Amino acid sequence: GAGVSQSPSNKVTEKGKDVELRCDPISGHTALYWYRQSLGQGLEFLIYFQGNSAPDKSGLPSDRFSAERTGGSVSTLTIQRTQQEDSAVYLCASSAQTQRLSDTQYFGPGTRLTVL
Amino acid sequence: GENVEQHPSTLSVQEGDSAVIKCTYSDSASNYFPWYKQELGKRPQLIIDIRSNVGEKKDQRIAVTLNKTAKHFSLHITETQPEDSAVYFCAASILGGGADGLTFGKGTHLIIQP
């Protein structure tokens, strides 16, 4: 079946503009995660959704970052007033998360964001 | 919160030799430890994972060991092949604690020399 998809694959924007990144999880996966990967670095956890709910938003780097998920499926990560330090690859992952067990997280291809 | 340290940052081995990557974690509540392989420009892909109720897990040329007491876990790749060249990330989390996500190490760039 189809894996996790993300759009756009690449986004170049000017400092100060807002951007919206989209994630389509694997169908039926209730859990959705956003991570950020800076050049040559590991993955930094940003936020998690169980269904449409995000229990903890403290991983978001600043109040310019927000995320939502509707219908238990598609999620969008919005960055307002982008800064150069926001440049990174933004990765989305989803998992089935049956009952209380965290299942494997499957990653999307990422969105490479470049802020000029 | 959880902190995961990964070593080495770069590992170069001769084709056919074994490679070992080591990680330590700080939160004794962590009980799920996946390893991801990321090829250049591609998404991370799970290659193996281990839960804290077992000490070792093997899948063909790949094995992972876990020492809960010492809070460290390792990835072992035997009979390395050119296609094993990639960046490998270890991670830790708490099962059922999805809100914490996975905490990743900074990655090991594995280079397989022909």
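The values are calculated or read from the model by the stated rules, or taken from the named source; none is laboratory data. Predicted model, so just to flag it, every value in this text is computed and none were measured. Cβ coordinates were reconstructed from backbone atoms using ideal geometry, including for glycine residues, and neighbour counts include every protein chain displayed. Just so you know, the surface numbers come from the protein's heavy atoms only, side chains and all, with ligands and any DNA or RNA stripped out. Shrake-Rupley method; radii C 1.70, N 1.55, O 1.52, S 1.80 Å.
Quick notes on this structure:
- Residue within region B:85-102 that is polar (S, T, N, Q) and more than 14 Å from chain A (Cβ to nearest Cβ) present: yes
- Residues being surrounded by fewer than 17 Cβ atoms within 10 Å (Cβ to Cβ) and farther than 14 Å from B:Lys22 by Cα - total across region B:57-84: 11
- Exclusive hit being within 14 Å of chain A (Cβ to nearest Cβ), assigned to a strand (DSSP E or B), open to solvent by 10 Å² or more (accessible area, probe 1.4 Å) and touching a residue at least 12 places away in the same chain (Cβ under 8 Å), set B:Lys106, B:Lys37: B:Lys37
- For B:Ser18, the test of being surrounded by fewer than 20 Cβ atoms within 10 Å (Cβ to Cβ) and in contact (Cβ under 8 Å) with a residue 60 or more places away in the chain is passed.
- Of all the criteria given as (1) farther than 21 Å from A:Tyr35 by Cβ; (2) within 14 Å of chain A (Cβ to nearest Cβ); (3) not in a loop (DSSP other than H, G, I, E, B), the one not satisfied by B:Ile47 is (1).
- The residues on offer are A:Gly3, A:Gly42, A:Gly28, A:Gly72, and the sole one that is open to solvent by less than 50 Å² (accessible area, probe 1.4 Å), more than 14 Å from the chain's Cα centre (by Cα) and away from every other protein chain (no Cβ under 11 Å) is A:Gly72.
- Restricting A:Tyr35, A:Tyr106, A:Tyr90 to residues that are under 10 Å from the mean Cα position of the chain (by Cα) and within 8 Å of another protein chain (Cβ to nearest Cβ) narrows the list to A:Tyr35.
- Qualifying residue in region B:69-76 (condition: part of a strand (DSSP E or B), modelled with pLDDT of 95 or more, more than 14 Å from chain A (Cβ to nearest Cβ) and in contact with a His (Cβ under 8 Å, 6 or more places away or on another chain)): no
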